[in-house]
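The values are calculated or read from the model by the stated rules, or taken from the named source; none is laboratory data. From a predicted model like this one, the values you see are computed outputs, not experimental measurements. In this analysis, Cβ positions are derived from the backbone assuming ideal geometry, glycine residues included, and neighbour counts consider all displayed protein chains. Protein only, heavy atoms only, side chains kept; ligands, DNA and RNA dropped before computing areas. Shrake-Rupley method; radii C 1.70, N 1.55, O 1.52, S 1.80 Å.
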Amino acid sequence: ARAGSDLTDARPAARDATCVARLRAAGAIVTGTTPMTEFGMTPLGFNPKREMPRNPHGNGRVAGGSSTGSAVAVATGMVPFALGGDGGGSIRIPSALCGVFGIKPTWGRVSRHGDVLSGTVGHLGPIASSTLDLARCLEAICGLDDGDPQTAFAPPLVDGSLTGALSRGVRGLRIGVEPGEWADASPAVAEAGRVALRALEREGAVLVDVRLELARYAAPIGYLAIGLESLASCWEWSTNGAAFNADLAVSHCALSRATAIEAIQAQRLRTGLRRELARTMLDVDLLALPTTVTTATPVDDGEFSGGFIDPRALDAMCRSNFLANLAGLPALSAPVG
């Protein structure tokens, strides 16, 4: 995998990543690779170094990233499921903007052996056109792998437990709702979320208001976590004046000025966030949050081909997504509205 860049090795890999090998062993036919944003570091879905797809529901809007091509391939019916990478929403954001399902699994659930992801927040997982395909794919690729020691930390799954869970329904399920997170969503997103939550409530779920004082800081903590880890992995290129895309070059420039104290303080806040989430999850089964704060960002031809820098649009995509990456918790995006 070239990570959406022209700086990486162009030679074909000598062997499949573990998750790809497991899919082949289960009978899947691999049809190809799809384009992603450079080193997975923009959630909007543009990359001047690649031929990137537009949003299949409207050519004047982005499709989300960084697993852009995977989500578009599923949304357009090219494939029933595809693999993506998620360090701060990069599976769930394009899934949400393209109207399909995507899951960032539990930390260690899926081996990252053979993938370009590294650091403490990156995960591999599927994007699919249905929850059944999502469950089937996840069951096929998960499990212990000697090539990735982190897989030893994920609780083992019983064969068929994910597909079997689809028939359970939601009666009695306690769903935590953080009012502050929904208040920050755009009216269109918030209303679609309210309709979906009411539908779950009618099916027997119990909605529980919860307070997460540190949730509003999850994205800034996440930017420092994934940003500094990405900068470190690209350090040799960065110090040698490599031609990154403009948005990534600006990010690297800003991140290179972060101090050690700022990096450590971010990790301390991350620990506090993990503890807060753990306490909250003692009382609820899951949290219901907007995947993205807004709908897909409008883009013109020049911006799409040349790239653009829009911190507000970027933050609107990542606002709620870093919670799960920082804590290692599973997180699913399902289309509503």
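Some observations on this one:
- Listed by first and then second residue, the pairs linking a residue in the stretch 146-159 that is farther than 13 Å from Cys19 by Cα to a residue that is open to solvent by 70 Å² or more (accessible area, probe 1.4 Å) and modelled with pLDDT of 95 or more, with Cβ atoms under 7 Å apart and 6 or more places separating them unless they lie on different chains, are Ala152/Leu144.
- Residue identified as open to solvent by 60 Å² or more (accessible area, probe 1.4 Å) and out of contact with any Lys or Arg (no Cβ under 7 Å at 6 or more places or on another chain) among Leu166, Leu83: Leu166
- A search for C-beta distances below 6 Å between a residue of the stretch 16-38 that is touching a residue at least 60 places away in the same chain (Cβ under 8 Å) and at negative phi and any residue that is in a helix (DSSP H, G or I) and not charged (D, E, K, R), counting only pairs 6+ apart in sequence or on different chains, returns Cys19/Ile141; Arg22/Ala140; Arg22/Ile141; Leu23/Ala140; Ala26/Ala140; Glu38/Leu248.
- Cβ-Cβ under 8 Å pairs, at least 6 apart or on other chains, the stretch 256-271 side surrounded by 10 or more Cβ atoms within 10 Å (Cβ to Cβ), far side hydroxyl-bearing (Ser, Thr, Tyr) and assigned to a helix (DSSP H, G or I): Ser256/Ser238; Leu269/Tyr217
- Subset of the stretch 111-126 [assigned to a loop (DSSP other than H, G, I, E, B) and open to solvent by less than 10 Å² (accessible area, probe 1.4 Å)]: Ser111, Val121, Gly122
- Boolean, Gly88 is touching a Gly at 6+ places or on another chain (Cβ under 7 Å) and either part of a loop (DSSP other than H, G, I, E, B) or open to solvent by 10 Å² or more (accessible area, probe 1.4 Å) (or both): yes
- For the stretch 28-82, the tally of residues that are out of contact with any strand residue (DSSP E or B) (no Cβ under 7 Å at 6 or more places or on another chain) and of a type in the set (Phe, Trp, Tyr) stands at 2.
- Test: residue in the stretch 301-314 that is in contact with a helix residue (DSSP H, G or I) (Cβ under 6 Å, 6 or more places away or on another chain) and over 18 Å from Gly88 (Cβ atoms): yes
- All conditions in (1) of a type in the set (Lys, Arg); (2) within 30 Å of Val170 (Cα to Cα); (3) open to solvent by less than 40 Å² (accessible area, probe 1.4 Å) hold for Arg275, with the sole exception of (3).
- For the stretch 93-105, filtering for residues that are in a helix (DSSP H, G or I), open to solvent by 10 Å² or more (accessible area, probe 1.4 Å) and out of contact with any His (no Cβ under 9 Å at 6 or more places or on another chain) leaves 1.
One line per residue, one yes/no per condition, for (1) under 17 Å from Phe101 (Cα atoms); (2) at pLDDT 95 or above:
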{"site": "Asp283", "(1), (2)": "no, yes"}
{"site": "Thr291", "(1), (2)": "yes, yes"}
{"site": "Glu303", "(1), (2)": "no, no"}
{"site": "Phe308", "(1), (2)": "no, no"}
{"site": "Pro311", "(1), (2)": "no, no"}
{"site": "Asn321", "(1), (2)": "yes, yes"}
{"site": "Ala331", "(1), (2)": "yes, yes"}
{"site": "Ala334", "(1), (2)": "yes, yes"}
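- Residue in the stretch 28-39 that is over 19 Å from the mean Cα position of the chain (by Cα), assigned to a loop (DSSP other than H, G, I, E, B), at pLDDT 95 or above and of a type in the set (Gly, Ala, Ser) present: yes
- Total residues in the stretch 296-318, condition in contact with a strand residue (DSSP E or B) (Cβ under 8 Å, 6 or more places away or on another chain) and either of a type in the set (Val, Ile, Thr) or open to solvent by 20 Å² or more (accessible area, probe 1.4 Å) (or both): 3
- Annotation: of all residues in the stretch 177-208 being under 17 Å from Asp285 (Cα atoms) and assigned to a loop (DSSP other than H, G, I, E, B), the one that is most open to solvent (accessible area, probe 1.4 Å) is Glu203.
- Among the residues listed as Leu138, Leu132, Leu144, the single one being at pLDDT 95 or above, touching a strand residue (DSSP E or B) at 6+ places or on another chain (Cβ under 8 Å) and open to solvent by 10 Å² or more (accessible area, probe 1.4 Å): Leu138
- For the condition open to solvent by less than 60 Å² (accessible area, probe 1.4 Å) and assigned to a helix (DSSP H, G or I), Gly227 qualifies.
- Unique match (being within 15 Å of the chain's Cα centre (by Cα) and either over 28 Å from Leu7 (Cβ atoms) or hydrophobic (A, V, I, L, M, F, W, C) (or both)) among Arg92, Arg109, Arg61, Arg136: Arg109
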